[in-house]
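One structure is given below, encoded as structure tokens.
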Amino acid sequence: MPSSVIRKDITRKDLESALPDVRTPVRIPGLRARAEVWRDAQGIPHVRAASLPDAFLAQGFVHAQDRLWQMDYDRRRAYGRWAEYAGPPALAQDLQMRRFCLQQSARADYVALNAETRAMLDAYAAGVNAFIETTRALPIEYRLVGGAPEAWQPWDSAAVFKVRHVLMGVWQTKAWRARLLRHLGAARTAQLCPGTPPNPMLIVPPGVEYRGPAVDGLRELTDAEAALAQVADWEGGSNNWAVAGSRTASGKPLVAGDPHRALDVPNVYYQNHLACPEFDVIGLSFPGVPGFPHFGHNRHVAWCVTHTHADYQDLYIERFDSGDPRRYEFRGEWRGAETTRETIRVRGAAPVEIEVTVTHHGPVVLGEPASGHAFAFRYTATAEPNRTFEALLPMLRAASADELVASMRLWVDPVNNFVFADVHGTIGYKTRGRIPVRAMANAWVPVPGWDGAHEWQGAIPFEEMPAVRNPEAGWVATANSRVTAPPYPHYIGLDFAPDFRTRRLVERLGGIHNATVGEMAMIHADRVSLPAREFVGILKAIAPVDPASRPALEALLAWDGVMDRESAAP
């Protein structure tokens, strides 16, 4: 919890009294039949319900038992309401989040979803609210802030999912490149931001090194330099893999994944087990969201994800009418922007009135229209009603790799490296999510919104998203590095992670022929740093400047790149 929240003296007794009662049976309105929750020695809840609605109601209940404050915190962040608890220090964050319009987007998503998915969200929300209504012990944080949780609405699940992913896109990187461009010029910026490191290890096809030229953004950056001249300055990993049965001791495929999300306490995931007549799934769920969107397995299929670092967010430089900042230019004509007045309540201070402006590109998130120019944010998750959640139920029911991949057709955000396997022996990879098709200039920096030259032209068709099935190598692996290369025809992104983790996975997986679960765990715990080994190679050409530095240099030169806590070299 952020330190800006008011501090109060809390005793051990207070903490103990705030723990949820996980032993006493609870009678919950709306539950159609008895549902059982068994917690194992690690406290992980195993839910068994007699129907699908009861399963999601129970999942909402156990999420709230253990993570209600976290869920409420994410909801307040999404809706720009954190200052109600945290006071003036949270005002800037609330202002920015109001501009993203996530609440309006979440409500629109809920309306657009099919009836089955809305029913899932309704049942989940009923479970959260059942805990709020029946518990005698709210999380201790509510005592700290002097507040109480509001009822959970079905669309709140979409909001917390969005707020956890809106900053995982690349819009901030584009803004950063634009600042470089303003201060350093196009040529120098192109040198500093080549678009890809040399010879990256690709995901598709597995283990292949790209030897083609780096993406050159000089032309796009040069064009953007002129557009940005009139705009004032602004402020601005994970691993997974699948191994085919031909390379495992059991003859069955293995799937492994480890997310590198922020070091939150508690973290973004919540392990639990959910079973009903339609499915039996265990994995990492997402507090505030039903199902298992990122990591899980049922009796037939297993899946896990890493972040693709794809490009699905754009910033448009909007030109506003100096005489009427509620009008903006598009293709030589003035259009009326949508504007709404909102009030941000601030603990210990007066409420703050703001105006939120939305153009056809999206909400204005940086700058002020009254200044003549500001930045509109276009994001696949908010540009139109988002039906990602329609994938959640089919994932849980999937009985084969084909059914699992087909369930991803409506997935929009975030764009993931989706690795999977099934009991029939299939392993594979699919880029899931929506990546818009547009001019290459959009890839680099904010683009002019007034000329109409940078509009989205649909999205990469699902069938044409990068994919591989049962590769000859006998494994697939991803670690946020570049996905693919020519002759693949579509633009995926520029801002991939360095490929050293991918290369290390290739080294480890290439040497395994009878893989076991234990060996997969050892790969997860691998401590070899390939960049460290490269660094040591560079040091070999350096002579110590004085005798005192010689022992340190010798220790580094003898280092094998293993990040061992007992070694001084790291």
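Note on region 12-167: semi-axes of the ellipsoid equivalent to its C-alpha gyration tensor, largest first and rounded to whole Å, are 27, 22, 11. Between region 433-465 and region 515-540, the alpha-carbon centres lie 37 Å apart.
Computed over region 322-474, the P(r) curve from all C-alpha pair distances, binned at 5 Å from the origin, holds 2, 8, 13, 15, 13, 11, 10, 9, 8, 6, 3, 2, 0, 0 percent per bin. Compared with the rule-of-thumb size 2.2 N^0.38 Å for a compact globular protein, the chain has a Cα radius of gyration ratio of 1.04. Within straight-line reach of residue 174, meaning a Cα separation under 18 Å, sit the following aspartates and glutamates at least 8 residues removed in sequence or on another chain: 216, 220, 223, 225, 233, 235, 311, 314, 318, 455, 495. Across region 256-265, computed HN-Hα scalar couplings (Karplus, 6.51 cos²θ - 1.76 cosθ + 1.60, θ = phi - 60°) run 9, x, 9, x, 10, 7, 4, 7, 7, 10 Hz from first to last residue, x flagging Gly and Pro.
Taking a Cβ cut-off of under 12 Å around residue 280, the surrounding Lys, Arg, Asp and Glu residues balance to a net charge of +2, with basic ones at +1 and acidic ones at -1. For a test of the definition: using alpha carbon positions, the gyration tensor, and the 1.5 limit on a/c, classify region 106-168 as rounded, prolate or oblate. Since a/c reaches 1.5 but b/c is at least a/b, the shape of region 106-168 is classed as oblate. Which percent of the Cα-Cα distances in region 309-405 go past 20 Å? Of the Cα pairs, 55 percent sit more than 20 Å apart.
DSSP beta bridges confined to the chain are antiparallel in about 90 percent of cases.
Normalising by residue count, region 394-490 has a Cα convex hull of 122 Å³ per residue. Debye-formula intensities of region 441-570, expressed as log10 I(q)/I(0) at q = 0.20 Å⁻¹, are -1.22 (one equal scatterer per alpha-carbon, no solvent). For the chain, adding -39500 (n - 2.57) for each run of n ≥ 4 DSSP H residues and dividing by the number of residues yields -9000 deg cm²/dmol at 222 nm. The lysines whose alpha-carbon is closer than 24 Å to the alpha-carbon of residue 430, local same-chain residues fewer than 8 away aside, are 162, 252.
We did not get these values from a lab; they are worked out from the coordinates using the rules stated. If you're wondering where the values come from, they're calculated on a predicted model, not measured in any experiment. FYI the Cβ positions are ideal-geometry reconstructions off the backbone, even for glycines, and counts take in every protein chain you see.
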